Each structure stands twice: as structure tokens, then as C-alpha cells.
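Enquirer: The structure is given below, and queries will be raised subsequently.
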Protein chains: 2
Amino acid sequence: MTEPAFQDQYPDDVSHCFGCGRLNDHGHQLKSRWDGDETVAWFRPEPYHTATPGFVYGGLIASLVDCHGTATAAAASHRAEGRPMGPDETLRFVTASLHVDFLRPTPLGGPLQVRGQVETLTARKAVVAVSVIADGTVCARGRVVAVRMPETMGATAGPAARIMEDAGS
Amino acid sequence: MTEPAFQDQYPDDVSHCFGCGRLNDHGHQLKSRWDGDETVAWFRPEPYHTATPGFVYGGLIASLVDCHGTATAAAASHRAEGRPMGPDETLRFVTASLHVDFLRPTPLGGPLQVRGQVETLTARKAVVAVSVIADGTVCARGRVVAVRMPETMGATAGPAARIMEDAGS
């Protein structure tokens, strides 16, 4: 049986992200899972996700890097703490900083493989390296600095803002 | 009379970008213009462009930074060379690297102001600093390294890939 995706184990109130929330009907609904010590997600861009005709636009690639990075941060935190993800338990991370190097134009048409590797992990912060691969060729490399989402983020930006500023990049 | 947006002066064959192309009916159709020595664009996210409820998802913010950055690079190159933009003439830039620091959660609901400042400009490369502002507060700061799009990008990724790799970040 396939393990459920990390994002499908987020609590309902943090499952509305356009990039990866299972409760966002308009969104990309990215699904990330473990693949050994790395993480992987697959995504097939729509024909209109163009940069110039034939290539994927950079904003979508940045979105994939971002959501796969924060999902990897959540899963890695659970693995490090030895407790399973679940709808009442799952830690949720937000992005403090995002970097993407576009190594070559990403061809539009086939599925993209998104791979994540945890570079550093502490109780409140993770740095995740992410690659976006088309037909075996790495087209973009990114890095996400993800920080633990404060419980209050839904209610007030204050604590979240402080945590994000503290985290640096 | 309002000046036409930079993106509305791109040649047809490079006007399909999901983030800013006037010929992409599904896309964001971002419009960037001069505001003195800086550039500005306004964008109102849709209600479903959520991170957690009430906040804008990071992938959209990255898209705005990206497209406003490359548009600013094109406009600045024209201004530096003293020749107007136009559908047969406009230089087009692509993104070699993109960085975004999310300083605080970006509230969802009102229009976002996107401001660009050219940091460096050469014949084939520009570095543009971009801020995303909600209701007077800077919520994200980004930096785009943009390189001249080779004429062959529509036909083959080879030359574009070489230019993007040369440009570094």
C-alpha cells in the first residue's frame, strides 16, 4: 500500500495551500512522500503553465520547490522525533526563504519529478535542497529555509513574523 | 494617458507566460510600469491563492517577484539604450535565479504592490530587487538575476541553458 502523502496528513486548518493543500480545489495539490532518505513528488504542469511556448514558467517551479521543501521539513521532523504524522499531530512548516537556480529551460509536457534532501534540521528550522527534474535532467535546483509554523499564524501574523525574521536565511 | 505595461509590449511569441503574458488567458497577466526610477505592478490575489486561510501562498509571491523582475530588466535595458519598447523590438529576459525572503505572512484580500529596483545592468544580465507590499507593509523581499533570452529559446534549450549557466547567481 502506498503511504499517504505528507500533505494528506496535515491538519484540516492548514490544508488550504494553493500549492499543496488537499482542501484547495483550485490548487496544485502537490503530494510528497519518502523515497529512502530523500523525498519525492511528481507533478504534471498544465498546457497553460508556460514561460515561452514549450517551457514551464518559473513561478510554478518555485511553487513546487516551496511546497515540497516545507512538506519535507515536516516529514523529517516527525521522522527525527520518532512519531508518525497524522491529522491531529502533524507539524507544519512555513517558508522563511526560497531560492531557485534555473539551470536550463524546463520542458513542458511530461511529468516533473521534485526531489528533496534535508540539509539541516533543528527543532524549529529546516533547510531543504530541492531539485526539479524533467525526463532525467535536472532543470532547476532550489533551497528552502522552513520554520515551524506558530499555532497562532491563523489568528495573527505577529508571532509568525517574529519567527520568520529570527530564522534568517 | 497611461503608458502601456512592459509586458504588453513584448512580441507575441514571448507573451504566453502564465505569470505575465497578455496572451495567456489562464494566467496572472501581471502589468509592470515605470514609477520614476523604480517599477511598480499591482496584483490582487484570488480568494483561493491561500497559504493558510487569510494569507497569500508563497508560490504566487515568488511568481510576482519573478515576472516583475524580468519585466523590469527588459524595460531598464531599453531605457539604458535609449530606444522605446515595442512589439517588434522589445528585449526579453529570462530568470537565471530567484530569491525570496518571506518577512511576514502576506495578508490575503487587498491588492499587492510589487516594486522593482535595478541593482546592476549589463548588456546581457540584470539584477533586480523586488518588494511585495500589502497595505503599506513590506511582506516579502526578492532578488531576480535575469539574463537576455536567446532568440533560439523557442526552438532549442541549448543556447538558453548555456547563457543561464554562465550568468550564475
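The values are calculated or read from the model by the stated rules, or taken from the named source; none is laboratory data. Here the structure is a predicted model, which is why all the values come from computation and not from measurement. Cβ atoms come from the backbone with ideal geometry, glycine included; neighbour counts cover every protein chain shown. The accessibility values were calculated without ligands, DNA or RNA, using every heavy atom of the protein model including side chains. Shrake-Rupley method; radii C 1.70, N 1.55, O 1.52, S 1.80 Å.
Enquirer: For A:Asp88, which of the numbered conditions (1) more than 15 Å from the chain's Cα centre (by Cα); (2) within 13 Å of chain B (Cβ to nearest Cβ) fails to hold?
Expert: Against the list (1) more than 15 Å from the chain's Cα centre (by Cα); (2) within 13 Å of chain B (Cβ to nearest Cβ), A:Asp88 comes up short only on (2).
Enquirer: Any residue that is within 13 Å of chain B (Cβ to nearest Cβ), hydrophobic (A, V, I, L, M, F, W, C), touching a residue at least 60 places away in the same chain (Cβ under 8 Å) and open to solvent by 10 Å² or more (accessible area, probe 1.4 Å) - is there at least one of those in region A:9-28?
Expert: yes
Enquirer: Within region A:135-147, restricting attention to residues that are free of Cβ contacts under 8 Å to residues at least 60 places away in the same chain and crowded, with 21+ Cβ neighbours inside 10 Å, which residue is farthest from the chain's Cα centre (by Cα)?
Expert: A:Val147
Enquirer: Working only within region A:81-108, note down all residues that are touching a residue at least 40 places away in the same chain (Cβ under 8 Å) and farther than 29 Å from B:Thr106 by Cα.
Expert: A:Pro105, A:Pro107, A:Leu108, listed by residue number.
Enquirer: Determine if region A:61-80 includes at least one residue that is more than 23 Å from A:Thr122 (Cα to Cα) and in contact with a Cys (Cβ under 8 Å, 6 or more places away or on another chain).
Expert: Yes.
Enquirer: Give the residue, chosen from B:Arg104, B:Arg92, that is among the basic types (Lys, Arg) and within 22 Å of B:Leu23 (Cα to Cα).
Expert: Matching residue, one of B:Arg104, B:Arg92: B:Arg92.
Enquirer: How many residues are out of contact with any Asp or Glu (no Cβ under 9 Å at 6 or more places or on another chain), closer than 16 Å to B:Thr39 by Cβ and β-branched (Val, Ile, Thr) when one looks only at region B:64-97?
Expert: 3
Enquirer: Here's another thing I want to ask about it. Restricting attention to region B:149-164, does a residue exist that is out of contact with any His (no Cβ under 8 Å at 6 or more places or on another chain), surrounded by fewer than 20 Cβ atoms within 10 Å (Cβ to Cβ), within 14 Å of chain A (Cβ to nearest Cβ) and at pLDDT 95 or above?
Expert: no
Enquirer: On the given criteria, is B:His78 within 15 Å of the chain's Cα centre (by Cα) and either open to solvent by 50 Å² or more (accessible area, probe 1.4 Å) or not hydroxyl-bearing (Ser, Thr, Tyr) (or both)?
Expert: Details: within 15 Å of the chain's Cα centre (by Cα): no; either open to solvent by 50 Å² or more (accessible area, probe 1.4 Å) or not hydroxyl-bearing (Ser, Thr, Tyr) (or both): yes.
Against the criterion (within 15 Å of the chain's Cα centre (by Cα) and either open to solvent by 50 Å² or more (accessible area, probe 1.4 Å) or not hydroxyl-bearing (Ser, Thr, Tyr) (or both)), B:His78 does not qualify.
Enquirer: Can you tell me which condition A:Trp34 does not meet? The list is (1) part of a loop (DSSP other than H, G, I, E, B); (2) closer than 17 Å to A:Ala126 by Cβ; (3) open to solvent by 10 Å² or more (accessible area, probe 1.4 Å), and all the others hold.
Expert: Condition (1) is where A:Trp34 drops out.
Enquirer: Report, by residue number, each residue of region B:12-61 that is among the polar types (S, T, N, Q) and within 25 Å of A:Thr70 (Cβ to Cβ).
Expert: B:Thr50, B:Thr52
Enquirer: Let me ask another. For the subset of region B:101-119 comprising residues that are open to solvent by less than 40 Å² (accessible area, probe 1.4 Å) and within 13 Å of the chain's Cα centre (by Cα), which member is farthest from the other protein chains (Cβ to nearest Cβ)?
Expert: Taking the candidates together, the pick is B:Gln113.
Enquirer: Pull up region A:45-75, narrow it to residues that are facing another protein chain (nearest Cβ under 8 Å) and of a type in the set (S, T, N, Q), then point me to the one that is farthest from A:Pro4 (Cα to Cα).
Expert: A:Thr52
Enquirer: So which residues in region B:29-39 are in contact (Cβ under 8 Å) with a residue 60 or more places away in the chain and of a type outside the set (Ser, Thr, Tyr)?
Expert: Correct list: B:Leu30, B:Asp35, B:Asp37, B:Glu38.
Enquirer: What is the residue count in region B:37-57 for residues that are open to solvent by 20 Å² or more (accessible area, probe 1.4 Å) and under 17 Å from the mean Cα position of the chain (by Cα)?
Expert: Residues flagged as open to solvent by 20 Å² or more (accessible area, probe 1.4 Å) and under 17 Å from the mean Cα position of the chain (by Cα) within region B:37-57 amount to 6.
Enquirer: Quick one: A:Val94 ticks every box in (1) at negative phi; (2) open to solvent by 10 Å² or more (accessible area, probe 1.4 Å); (3) over 12 Å from the mean Cα position of the chain (by Cα) except a single one, so which number is it?
Expert: (3)
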